[in-house]
Amino acid sequence: MSDTHEFEVATNKFTVQIEGFDFKNCSAVSGLDVMTEKLDVQEGAQKQISYRKGRTYAADLVLTRVFKNKNLFSWFKECQQGRVEKRSGSIVCTDDEGQQVATFLLNGCWPIAWSGPVFSTQSAGDIAYETVKLAVEDLDLE
């Protein structure tokens, strides 16, 4: 069954929610990708190759937010030390009136990379940002 409800999503009207973290100042999200592997199959002595479905998986998600505390880095360090705590979350897209039009559901998220702010004497008063890359076990669109 197909969903025929149409909507337009502006790329600057979104909120990010990850269990236990404040992402109100999230400035960028990338990596909302889901892929299915294509497996080569060659039957017997036939030269022609056909394909079959392999595993389906979500790409790594990259979130950038204002650097305001060490919570994300602490979560990354815990996972790095073998105490992987997977969390759920969502990316909620809204229209101009603030009404929810689409929600990306994130399941089994945990940090696999963290990047801290870039500091420079050339940037007078710029906001410091941090970036975290999350492994995502399942991505769905609601």
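Using only the alpha-carbon atoms, what does the chain span along each of its principal axes? Please give whole angstrom values in decreasing order.
67, 43, 32 Å, listed from the longest principal axis down.
Given the alpha-carbon gyration tensor of the range 58-142, what are the semi-axes of its equivalent ellipsoid in whole angstrom, ordered largest first, with each equal to the square root of 5 times an eigenvalue?
Numbers: eigenvalues 124, 92, 17 Å².
Largest first, the range 58-142 gives 25, 21, 9 Å.
What is the diffusion coefficient of the range 97-141 in µm²/s, taking the Kirkwood radius over Cα pairs and the Stokes-Einstein relation at 10 °C with a viscosity of 1.306 mPa s?
Working: Rh = 13.7 Å.
It comes out at roughly 116 µm²/s.
For the cross-link pairs K24/K70; K13/K70; K70/K133; K86/K133; K38/K133; K53/K86, which exceed 20 Å when the distance is taken from alpha carbon to alpha carbon?
Working: K24/K70 15 Å; K13/K70 26 Å; K70/K133 15 Å; K86/K133 13 Å; K38/K133 25 Å; K53/K86 27 Å.
The answer is K13/K70; K38/K133; K53/K86.
Once the range 1-79 is represented by equal point scatterers at the alpha-carbon sites, with solvent omitted, what log10 I(q)/I(0) does the Debye formula produce at q = 0.17 Å⁻¹?
Relative scattering, expressed as log10 I(q)/I(0), comes to -0.90.
With angles folded into 0 to 90 degrees, how steeply does helix 71-80 sit against the dominant principal axis of the chain? Use alpha carbons for both and round to 10.
40
Bin by bin, in steps of 5 Å, what percent of the Cα pairs in the range 38-85 do you find, going until the bin that has the longest distance?
Once binned at 5 Å, the Cα pair distances of the range 38-85 give 5, 14, 11, 13, 11, 7, 7, 8, 9, 8, 5, 2, 0.
Between Q81 and T15, what is the FRET efficiency for a Förster distance of 35 Å, r being their Cβ-Cβ separation, to the nearest 0.05?
Values: r = 30 Å, r/R0 = 0.86.
The computed FRET efficiency comes out at 0.70.
Per DSSP H run of n ≥ 4, the term is -39500 (n - 2.57); total these for the chain, divide by its residue number, and report the mean residue ellipticity at 222 nm rounded to 500 deg cm²/dmol.
Values: 1 runs with 10 residues, N = 142.
-2000 deg cm²/dmol, from helical runs alone.
Since every read-out is calculated from the coordinates, none of them should be taken as a lab result. Values in this document were obtained by computation on a predicted structure and should not be read as measured data. Cβ: placed from backbone, ideal geometry, glycine included. Neighbour counts: every protein chain shown.
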